[in-house]
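Q: My questions will all concern the structure given below.
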Amino acid sequence: MQEPFDIEIGPINYSVFPEGNDSYTIFKDGKEYIQIQKDTSSIWLKMDYKTELPIFEEDEEVNAIGQAIENYVPEEEDEDEL
C-alpha cells in the first residue's frame, strides 16, 4: 500500500492517507477533514462519515484534492539510507 503523503492546493496543505481501493482519508490543519473515493477518471466523491457511503454531489475541493492525488509522484528513497 502507498505511504501517506502531503499535497498542496494553493495555500492549503493536506495530508493524504491511502486506505486502499481508491479511498483516502484527508487531514487539513492537522485534523481529520474528509474521506474521499475515486469514482471516474475525473470525479471524486466525498464519503459520509456516519454511513461510509459516497455523497453524490460534485465538490470542487474534493475534485481538486483527487486531481492532486493523481498527479502526486512519490519521492524515491535513496537505497543507502535503508
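Bear in mind that the values in this text are calculations on the coordinates, not laboratory data. Predicted, not measured: the structure shown is a model, and the values here were computed from it. Every residue, glycine among them, receives a Cβ derived from its backbone with ideal geometry; neighbour counts consider all protein chains shown.
Q: Take P18 and tell me if it is surrounded by fewer than 16 Cβ atoms within 10 Å (Cβ to Cβ) and closer than 15 Å to E70 by Cα.
A: Here the answer is yes, as P18 does meet what is asked.
Q: Could you tell me which residue of segment 17-58 is nearest to D6 (Cα to Cα), considering only residues that are touching a residue at least 12 places away in the same chain (Cβ under 8 Å) and among the basic types (K, R)?
A: Looking at the filtered set, the residue picked out is K28.
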